[in-house]
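Readers should treat all values here as calculations from the given coordinates under stated rules, not as data from a laboratory. Since this is a predicted model, take the numbers as computed values, not measurements. No Cβ is skipped: glycine too gets one built from the backbone with ideal geometry, and neighbour counts run over all protein chains shown.
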């Protein structure tokens, strides 16, 4: 399998190029926003509030975003999301550069609008990829996605942010993020019309509310879907808030590092994810893909405890390599599983339910990170998040029926292997008569 095979398709190549630029901007924003918040307000509680402002409206718009992505062209949904977020980042950059950003409430209001726009992007992206590449290239396409996300958001983005912040300040790093949204918009416009999907004839009738109910109903019928979504809900509750809020605090306060040090830690995680994506892009995913997905995710979550145990920056970087590398390896398998087993005309809605349920408790995770760290300590919070999160993730694998898709796939492969053997046996007499 060639990991670059999907790039033969012009439309996917344009999508991937625009997404890559936007993700570099996201990586810069991750460092710049955290640094700006801690410079202005100096406490983890402020960063927790920003996390809540980003995630709560995103969750609120996910189901609507999924229904709209199935009913209309998901490319246009992504365009709207990029335009909204680009304008918000341009506004934040202007406020920072002019010194007008002095109120946390002002920043929170802007982040609410940004988060609402982001809620439409994820389901639309998941629904668009199968329209741009054939089924045999889906694993490679998802591997390229998981390659570029860490490469851009955790390597190039943070590295650029560290340099730009050191030279010109956080405002210019945020302005660069706004510019990447503009570039992504141009690429999406160049993608043009996409291949239509096979859908029921009456799909255009009815309301968006009905469409959302159909998506939820489909998920409820399949334990491997709702069980995985629910597993992610509790796992993300346990480790995402502590990681996003406390990792910058660990670098800046506990270890006395700089913005460049934080960028290097995140870059290390990106390298781990890139290595995993390249490997999976070449070798594919194993036949027991559900077991494999849960196994990699459980170990990735366990590695979060390494943040709490670290006493040097290089130890944080090593833990970040494990967390991001294993997370990416599992995500490639999961995305391919959804795109293979979920009908095309339901994929946007199912993905929106995935995003909605999985991230439902993220605002609570961000909100609790600072007070729990103040109660039991920063390191203890990270240690507990990794240990409990790993146990929860691995436990959901044993729900009855969770591994149904991999069993059906194994049965299908076994049946066709038997048919191939019978075909060969049938041809043997004729083949033996062929002259050497």
Practice task
Report the Stokes-Einstein translational diffusion coefficient (µm² s⁻¹, integer) for the range 141-195, Rh taken as the Kirkwood radius over Cα pairs, at 37 °C with viscosity 0.692 mPa s.
Solution key: 254
Completion exercise
In degrees, nearest 10, the alpha-carbon axis of helix 74-98 is tilted away from the dominant principal axis of the alpha carbons of the chain by 20
Fill in the blank from the handout: Gyration tensor on Cα atoms of the range 42-88, a ≥ b ≥ c root eigenvalues, a/c under 1.5 rounded, else prolate if a/b beats b/c, else oblate, says oblate
Practice task
Mind putting together the pair-distance distribution for the chain? All Cα pairs, 20 Å bins, whole percent per bin, short to long.
Solution key: 25, 58, 14, 3, 0
Completion exercise
In degrees rounded to 10, the 0-90 angle between helix 223-249 Cα long axis and the longest Cα principal axis of the chain is 30
Exercise for the section: Would you order 320, 187 from fewest to most other beta-carbon atoms within 10 Å of each residue's own beta-carbon? Expected result: 187, 320
Problem - Separation between Cα centres of the range 138-193 and the range 278-353, rounded to whole Å - result: 21
Practice task
Report, in deg cm²/dmol and to the nearest 500, the calculated mean residue ellipticity at 222 nm for the chain, where each DSSP H run with n ≥ 4 adds -39500 (n - 2.57) and the sum is divided by the residue count.
Solution key: -27000 deg cm²/dmol
Exercise for the section: Mind ranking 261-273, 388-400, 229-241, 32-44 by how tightly packed they are, going by the mean number of other C-beta atoms within 10 angstrom, highest first? Expected result: 261-273, 229-241, 32-44, 388-400
Problem - Rounded FRET efficiency, nearest 0.05, which uses the C-beta distance separating residue 10 from residue 108 and R0 of 30 Å - result: 0.15
Fill in the blank from the handout: Least to most buried among 316, 87, by other C-beta atoms within 10 Å and fewest first, runs 87, 316
Practice task
Please give the FRET efficiency for residue 220 paired with residue 391, using the beta carbon to beta carbon distance and R0 = 45 Å, rounded to the nearest 0.05.
Solution key: 0.95
Exercise for the section: Relative to the longest principal axis of the C-alpha atoms of the chain, give the angle of the C-alpha long axis of helix 170-191, reported between 0 and 90° and rounded to the nearest 10°. Expected result: 30
Fill in the blank from the handout: One finds, for residue 407 and residue 258 with R0 = 56 angstrom and r their Cβ-Cβ distance, a FRET efficiency to the nearest 0.05 of 0.65
Exercise for the section: Taking all pairs of distinct Cα atoms, average 1/r, flip it, and tell me the Kirkwood hydrodynamic radius of the range 344-414 in Å to one decimal place. Expected result: 15.5
Practice task
Compute the length gained on full extension between residue 100 and residue 341: take 0.36 nm times their separation in residues and subtract their Cα-Cα distance, giving the result in nm to one decimal.
Solution key: 81.7 nm
Practice task
Rank these for me by crowding, 274, 186, going from fewest to most other beta carbons within 10 Å.
Solution key: 186, 274
Exercise for the section: Using a cut-off of under 19 Å, list every residue of the range 2-41 whose amide N is near the label point 7 Å from the Cα of residue 282 along the Cα-to-beta-carbon line. Expected result: 2-7
Fill in the blank from the handout: Gyration tensor on Cα atoms of the range 79-127, a ≥ b ≥ c root eigenvalues, a/c under 1.5 rounded, else prolate if a/b beats b/c, else oblate, says prolate
Completion exercise
For the range 190-347 the mean separation of alpha carbon contacts under 8 Å (6+ apart) over residue count, i.e. relative contact order in percent, is 28
Fill in the blank from the handout: Once normalised by the length of the chain, the mean sequence separation of its alpha carbon contacts under 8 Å that are 6 or more apart gives a contact order in percent of 27
Completion exercise
Rounded to two decimals, the Debye log10 I(q)/I(0) of the range 24-155 (Cα scatterers, no solvent) at q = 0.10, 0.13 Å⁻¹ is -0.39, -0.63
